[in-house]
1. Here are some residues: B:ALA290, B:ALA265, B:ALA236. Which one is in a helix (DSSP H, G or I) and closer than 30 Å to B:ALA205 by Cα?
2. State all residues of the range A:178-190 that are modelled with pLDDT of 90 or more and either part of a helix (DSSP H, G or I) or of a type in the set (Asp, Glu) (or both); if no residue qualifies, say none.
3. What pairs come up if the first residue lies in the range A:140-160 and is in contact (Cβ under 8 Å) with a residue 60 or more places away in the chain and among the acidic types (Asp, Glu), the second is assigned to a loop (DSSP other than H, G, I, E, B) and within 16 Å of ligand 2 (Cβ to nearest atom), and their beta carbons are under 8 Å apart, counting only those six or more places apart or on different chains?
4. Condition first: away from ligand 2 (no atom under 16 Å from the Cβ), on the phi < 0 side of the Ramachandran plot, in a loop (DSSP other than H, G, I, E, B) and in contact with a Gly (Cβ under 9 Å, 6 or more places away or on another chain). Can you find one or more residues in the range A:103-119 that meet it?
5. Name, by its number, the condition in (1) touching a residue at least 40 places away in the same chain (Cβ under 8 Å); (2) over 24 Å from C:VAL259 (Cα atoms); (3) of a type outside the set (Asp, Glu) that does not hold for C:SER64.
6. Among the residues in the range A:159-175, are any surrounded by 14 or more Cβ atoms within 10 Å (Cβ to Cβ) and within 16 Å of ligand 2 (Cβ to nearest atom)?
7. Among the residues of the range B:159-183 satisfying the criterion of being at pLDDT below 85 and within 11 Å of another protein chain (Cβ to nearest Cβ), which is farthest from the chain's Cα centre (by Cα)?
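The values are calculated or read from the model by the stated rules, or taken from the named source; none is laboratory data. Keep in mind that this is a model prediction, so the values were computed, not measured. Using ideal geometry, Cβ is built from the backbone for each residue, glycine included, and neighbour counts are taken over all protein chains shown.
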Amino acid sequence: MELRLAGLHHGYGNIEVLRGIDLDIPAGRIVCIVGPSGCGKSTLLRLIGGLERPERGEVVQTGAPPPGCLNPLTYIFQDFALLPWRTVEGNVRLVLEDHGFGRAETAGIVDDVLARTRLSEFRAAFPRQLSGGMKQRVAVARALAVSPAFLLMDEPLSALDAQTRELLLDDLVDLWTRERFSGVYVTHNLREAVRLGHRVVLLSRRPGTVREILEIDLPLDARAGHAPELEAHRSRLWQLLRDEAHAADVELVDG
Amino acid sequence: MLTTRFAATVRRSALALLAGATVLAGTAVAADDKIKVGALRFTSHSASFIAFEKGYFKEAGLDVEFVYFQAAAPMAVAIASGDIDYGVTAITGGLINLADKDAIKIIGGALHEEEGIDGSAILVSDAAFKDGVTSPAKLAGRSFGITQTGSSFHYMASRIAEREGIAMSEIKLKPLQKVGAIIGALKSGQIDAWAIVPHIAKALARGGAVHIIGWVNDYAPDYQVTTVFTSAENAANKRDLTERFLAAFSRGAADFNAALVDKTAGEDAAEATVRLIHKYVYTSRPYEKAAPSIRNGAMRLNEGARLNLSSVQAQLDWFKAEGLVKGEIGIDKLVDGSYVETY
Amino acid sequence: MPLMWNWSMAERSDRGRPVAFRGGGFSPRPLGVVGPLVFIAVLAFWEAGCRTGLIPPLVLPAPSEALAALAHLVETGLLWKHLGASLQRLLVGWTLGTLLGIAVGFSIGLFSLARAGLAPVVAAIFPIPKIALLPLFVVWFGIGEGSKVATILFGTFFPTVVATYGGVDNVDRNLIRMGQSFGLSWLSIVRKIILPGALPAILPGFRISAAIAIVLLVAAEMIGAEFGVGAYILLAGSLMALDELLAGVAILSVMGLTVNWLIARLERFLLRWRT
Ligand SMILES: Nc1ncnc2c1ncn2[C@@H]1O[C@H](COP(=O)(O)OP(=O)(O)OP(=O)(O)O)[C@@H](O)[C@H]1O
Ligand SMILES: [Mg+2]
């Protein structure tokens, strides 16, 4: 299953946020979206996942989702969006409850995703007892439980401290290496983008348009050993982004 | 010494709060003894109004100021707190309990039931009447409106039940706090029966929504409905003042009886008396509408403030039997019989 | 370099002193024994005042007399009759008022039409003292249990509505969006996200509505009540039986404390996911 964005336009009131976005999002690869603050990255992600309706243009889904997929387009949120009144296990179970599984079947899926995210021993903990990194792993486990075709991630690591971020980034790389999921990953952080993205899409400042698309051919699991090459990509992106970012920064918010 | 004065102050202010005494009206002349008299705006309080309007209080050297109340119970509290000096109301559980605490004393009689004069009537709702409750004997299993447990309505209900041989447990008493609420409940058939002074009873019966099925006097003959009372302090230590008050009050009562009860004073006097009373009672109604109610409501006021001690004793016994007052209190603690003739 | 200079001056003149502590305060600690001690001291002082005649019986009966009145209630078994009647009214009125309140609160929180239509009505009726409506309730529901339950029901309904829709409004929108993004059904979102999310606002509303229910009990039992704690207090007041009055008030107070304790337990159980 693949996604194609065709001529997406969106705005709020008289603020134009996105203008003419055309983009293909292939299966089995991660597309990173970077761009200056307020350029419409989160908006774009909401449009892709159907949480908002674009003013013009469309998001088209081609091909069927893989068998056993419960929720093809699944989000991982920056603020984790865990229910504080449910345990780790309960939070994962939440997204399975509407699918009419039996007790044993549900337990099987929950056990499996908790094991895959190394959370099995924390299944009875409430979110308030967990660190930020753990919470985000719960969110990942929850997303995996519905066997998504696409993971839509909006700055999933931004709320975490630098070390945790590093660890989780490794986790995501491992996960992709094992599962080969398709993903859209929105971030501010160019290092993350070049670490995780098979393709990096740079948006211009608001109204967001596609400014540049960068393909990085290095396999994800091999990138740790190719620091200089990644650094070159990063600094090229930064050159492009800097002017946009500066201009966006001095812009009045409602100007 | 110090403690008693402190106690007196505390008592005064605390009871003043409880009593919540209302508006003051009256005149002020220097030399006379100033007293405050509690009153309800009922025809039964006419003796005080007549004594005031005709100057009997003034002639007795009393400068009277009326303090008006909505119900009998707070008036007893106001006497106990010293906010008013003399009052006239029905004997209630509250009044007896205050007497038990040496706060107040009954010193004379006022309104009473008398053979041959229309007194309080027993009423039933139209629905109950059509259902066959045509005499007080048929009140068993019916509901009876009262203001509160221990009120004069409660007493009348139990008198009726006793004479008719109905167990009190068979009459469902409905405390509704206010006379107005009882009237509403009776008219709409939410309660079956009630007993009330004649002018209200007759006015209601005329409308057809309720029916008079008997008279309280047949069940509680010579019932001493209201009494004159004052603080124990006044009764014991201000004999002269109290005697003067009772004398003037009795002159007012005598005029009232002559004009409206015995009708021996002639129609002119009756008319003049009704006009005088109308200054205090039913003031919101025009005279033409108020006059019949005032005339209908005329029940005998005791001559010379005589007091039917046996009726008071019967009432006291009843309150005790019902457990509404503490067991020990005797009639001597309730009544100071040294002022008026008792019978 | 004035800073350096000061430093060396201080170094030379004395060996320095500890920085003065300026924090602390503004965080009351629980002192378990103080409450009961004050309570006992007040009672003892009061009892002594009555025994010595400093406080005349007409003003305030001794606590022991109120206790005796209470004991009398227990001996005669009247206590259970009064309590039973009152608790039944409270339970029925409060439960119905709360259930209706939550239902209406949820509709206002969830549906634009209900919000536009009902919120102003609720805002307009909420501040009316329900005691003032008592005669109306008597006409509508009669002098039996109906008007008493209705008084309590109306009293508890409005604060519950306001607490509930306030709670629904305050549920984290991101959680709702999360639910939608996982394709949860509307009912699931309401039941599993909005209801528990609004609970921290609804439960304190219970405390308020329960207190209001107890306050209204006395008013509700003014009309046509033979038994009930409120009726007992009213009667004691009209008889000037101050010891019984105090006994009745003490019963109300204990009822309030008990209800509060129960709700606190419920809160601790239902909101144990909070810190
Ligand atoms: N629901 C909304 N209503 C009105 N304006 C909105 C709404 N959501 C976003 N915006 C505006 O749209 C613009 C783009 O917002 P968006 O959150 O998509 O940007 P972003 O690229 O994700 O920014 P950031 O880097 O800060 O996350 C911003 O100016 C924002 O204020
Ligand atoms: Mg964003």
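1. Working: B:ALA265 fails: in a helix (DSSP H, G or I); B:ALA236 fails: closer than 30 Å to B:ALA205 by Cα.
It is B:ALA290.
2. Once the filter is applied, which keeps residues that are modelled with pLDDT of 90 or more and either part of a helix (DSSP H, G or I) or of a type in the set (Asp, Glu) (or both), the range A:178-190 yields only A:LEU190.
3. A:ASP154/A:PHE77; A:ASP154/A:GLN78; A:GLU155/A:GLN78; A:GLU155/A:THR187; A:GLU155/A:HIS188
4. The first filter runs over the range A:103-119 and keeps only residues away from ligand 2 (no atom under 16 Å from the Cβ), leaving A:103-119.
From what's left, on the phi < 0 side of the Ramachandran plot: A:103-117, A:119.
From the residues that got through so far, the ones that are in a loop (DSSP other than H, G, I, E, B) too are A:117, A:119.
In the following step, the residues that additionally are in contact with a Gly (Cβ under 9 Å, 6 or more places away or on another chain) were identified as none.
For the range A:103-119, residues away from ligand 2 (no atom under 16 Å from the Cβ), on the phi < 0 side of the Ramachandran plot, in a loop (DSSP other than H, G, I, E, B) and in contact with a Gly (Cβ under 9 Å, 6 or more places away or on another chain): absent.
5. Answer for C:SER64: the failing condition is (1).
6. Checked against the condition, which is being surrounded by 14 or more Cβ atoms within 10 Å (Cβ to Cβ) and within 16 Å of ligand 2 (Cβ to nearest atom), the range A:159-175 yields at least one hit.
7. In the first step, residues of the range B:159-183 are kept if they are at pLDDT below 85; the result is B:177-181.
Okay, now just the ones that are also within 11 Å of another protein chain (Cβ to nearest Cβ), so B:177-178, B:180-181.
On the way: B:GLN177: 16, B:LYS178: 15, B:GLY180: 17, B:ALA181: 19 Å.
For the range B:159-183, the residue satisfying everything is B:ALA181.
Per-residue answers, yes or no, for (1) of a type in the set (Asp, Glu); (2) in contact (Cβ under 8 Å) with a residue 24 or more places away in the chain:
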| site | (1), (2) |
| --- | --- |
| C:PRO159 | no, yes |
| C:ASP172 | yes, yes |
| C:GLY179 | no, no |
| C:ALA201 | no, yes |
